[in-house]
Structures are given as C-alpha cells and as structure tokens.
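> Sharing a structure below in structure tokens format, with a few things to ask.
Values in this text are rule-based calculations from the coordinates and carry no lab data. What you see is a predicted model; the values in this text were computed from it and never measured. We place every Cβ from the backbone using ideal geometry, glycine too, and count neighbours over all the protein chains shown.
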Amino acid sequence: MHAKVNVVQNLQQVRKNIAAACRRVGRNPQEVGLVAVTKSVDPERMNQALAAGVDVFGESRVQELVSKQPEFPGVRWHFIGYLQRNKVKYLPGRVELVHSLNRWSLARELDRRAREHGQVFRVLVQVNITRERGRFGVMPGEVAEFIRETAGLQGLQVEGLMTMAPFVADPEQVRPLFREMRDLFTRLGREPGIRMWYLSMGMSNDYPVAVEEGANLVRVGTAIFGPRKCTLRGG
Ligand SMILES: *Cc1c(COP(=O)(O)O)cnc(C)c1O
C-alpha cells in the first residue's frame, strides 16, 4: 500500500519549483500550466489536489478516465498517454486537450470521431525528439509536414507540441532535448497556417529543466501524488 503522501505539501513544492525555474530565466510563472497526472491515483488524493487548487487532471488510459470522470464533475481533463485507435470513440466530450497525437492513423480516427459528434479535438503533436526507434512520436523533421496534412481534417485542431524525455538520473542530460523542442516550437510557430500555443514537456523528474527551456504545460504525477504501484502507459 501507499506510504502517507501529503498531496497539499507536494503541490506547494511543485509550484515553488516551477516559480523558481521561471525566475531563473525571466519567465512569468502564470504562463506555465500544471497538469496533475492522476493515472493510478485514488479519488481521495485527487480530491486533495482539487482542494489545493489543481484544475486540470491528466490521464493516460481511456478506461481509467471513463471510470473516474463521473466522480469529478466540472474538472478539466487532458489525455496524455498512448492512444489506441479503438479507444478514440470514448473520448468525444470528455477531454479538453489530447497531448499524444503520434501517428497519422490516429489523426484520421480522432478526426472521424470528432466529426461524428460535431466537435473538434484540440491536440498536440507528440515529437520523438531523441529520434530513437521504438519511441513514440513524429520525427522532428517530419512535424511540419504532418501538421500541414492535418489542416485537411476538420475534426482536428493542432495547438502545439508534446514530448517525453527519456528517464535519466540527472535531468541536465535532457536539457538539450528540451531546447531542441523549444526551437522546433518557435520555428513552426512562424509558419503560416500553423498554431503553436502549447509546449507540453516536463514530468516529475525533469519539469524544472523543461520550464527553464520554455515548457508552458508540465505533466506531473509522482511529485504530487507519490510513487505509483505500477507503470501504466497505454490505453
Ligand atoms: C505518467 C506520465 C506523466 C507523469 O509522470 P511522473 O513521472 O509521475 O510525473 C507525464 N506524461 C505522461 C505521458 C505520462 O504517461
């Protein structure tokens, strides 16, 4: 079972760390949105986070999202995990932003289900910034073309980029990857017809570095809610 976790204290610390990272690089902490990652977190701790001012939950499994949502009316939800095509049909009306658009077949399915429901999915393109095979995401050199192709999909609106850095002992090691993401984000944002509003990067292990490098959405789970019993990625 879980050791006692003080969600309120943890949140204060995370907010302090974000503010400190902003100060180091002359950013306004208001620019940085915090997505509290609630995968495998029980409702009690989620309620503690809400009471402490969290307003966006991030889930990475559709099943878990669907089963938890009725207990938390009025909360904003982001979908952040690997998304199977056959689960997309459950998402319309449930999520404000999908962080993990990582392949063309998923873009088509999101578009199809959005149009069926007369809605538009707001999405971020997940970038494989390490370019390693076996990691999810669109290759950096292919992102511009990928986004341009989504312009033909009425049910999708691309609003930025997301990445997951590899887990490393020293987060300084992933700083160059975050910097490369920021450069890509800036460059794409100058292209006509492309909107770049959100740069989603940084997790418990590395969010201060991500914020220093320009993230305006961080996805933090463990640092708020304590360690998970197991790692859940897909769904
Ligand atoms: C689990 C998860 C996170 C949060 O990870 P922590 O290390 O617990 O902060 C962020 N983003 C994605 C996509 C995740 O699956």
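> Among the trypsin sites (Lys or Arg not before Pro) within the stretch 110-191, which fall in a DSSP loop and have no more than 10 other Cβ atoms within 10 Å of their own Cβ?
Details: sites: 112, 113, 115, 122, 131, 133, 135, 148, 179, 182, 187, 190; in loops: 131, 133, 135, 190.
Listed in order of number, the matching sites are 133, 190.
> Further, regarding this structure: From the square roots a ≥ b ≥ c of the eigenvalues of the alpha-carbon gyration tensor of the stretch 2-224, which class results: rounded (a/c under 1.5), prolate (a/b over b/c), or oblate? Show your work: numbers first, answer last.
Numbers: a/c = 1.75, a/b = 1.12, b/c = 1.56.
The shape class here is oblate.
> For residue 229, list the aspartates and glutamates whose Cα falls under 13 Å from its own Cα; do not include residues on the same chain fewer than 8 positions away.
Cross-link targets: 42.
> Once phi is turned into θ = phi - 60°, what whole-Hz ³J(HN,Hα) does the Karplus curve with 6.51, -1.76 and 1.60 give for every residue of the stretch 196-212, x standing for Gly and Pro?
Working through the residues one at a time gives 10, 9, 10, 10, 9, 7, x, 10, 3, 6, 9, 4, x, 5, 4, 5, 4 Hz.
> Now, a different point. Specify whether the C-alpha gyration tensor of the stretch 43-92 places it in the rounded, prolate or oblate class, a ≥ b ≥ c being the square roots of the eigenvalues: rounded for a/c under 1.5, otherwise prolate if a/b is larger than b/c and oblate if not.
prolate
> Gaussian network model of the chain, Cα springs within a sub-10 Å range: biggest mean-square fluctuation belongs to which of 118, 134, 189?
Residue with maximal mean-square fluctuation among 118, 134, 189: 134.
> Using a Cα-Cα cut-off of under 20 Å, which aspartates and glutamates could be cross-linked to residue 87, ignoring same-chain neighbours fewer than 8 residues away?
59, 64, 96, 109, 111, 116
> In deg cm²/dmol and to the nearest 500, what is the mean residue ellipticity at 222 nm of the chain if only DSSP H runs of at least 4 residues count, each as -39500 (n - 2.57), divided by the residue total?
Rounded to the nearest 500, the figure is -10000 deg cm²/dmol.
> Taking the Cα atoms of the stretch 118-199, what is the range of coordinates along each of the three principal axes, in descending order and whole Å?
Projected onto its principal axes, the Cα set of the stretch 118-199 covers 45, 25, 19 Å.
> Considering only the other residues whose Cβ falls under 14 Å of the Cβ of residue 175, what net charge follows from Lys and Arg at +1 and Asp and Glu at -1?
-4
> Related question: Per 10 Å bin from zero, what fraction in whole % of the C-alpha pairs of the stretch 50-168 is there, up to the bin with the longest pair?
13, 44, 32, 10, 0
> Okay, next question. Long-range amide H contacts for residue 97: which residues qualify at under 5 Å (H placed 1.01 Å from N, peptide plane, sequence gap of 5 or more or a different chain)?
Amide H neighbours of residue 97, under 5 Å, 5+ apart: 79.
> Another one. Scan the stretch 124-191 for chymotrypsin sites (Phe, Trp or Tyr not before Pro) in coil per DSSP, keeping those whose Cβ has at most 13 other Cβ atoms within 10 Å, and list them by number.
Counting only loop positions with at most 13 other Cβ atoms within 10 Å, the chymotrypsin sites (Phe, Trp or Tyr not before Pro) in the stretch 124-191 are 167.
> Further question: Name the lysines eligible as straight-distance cross-link partners of residue 89: C-alpha to C-alpha under 27 Å, and not fewer than 8 places from it in the same chain.
Once the sequence-local lysines are set aside, what remains near residue 89 is 39, 68.
> Hey, in the GNM for the chain with a 10 angstrom Cα cutoff, which one of 170, 111, 206 fluctuates hardest?
Taking springs between Cα atoms under 10 Å, the residue moving most is 170.
> Per-residue HN-Hα couplings for the stretch 81-86, Karplus 6.51 cos²θ - 1.76 cosθ + 1.60 at θ = phi - 60°, whole Hz, x for Gly and Pro?
x, 4, 10, 7, 4, 6
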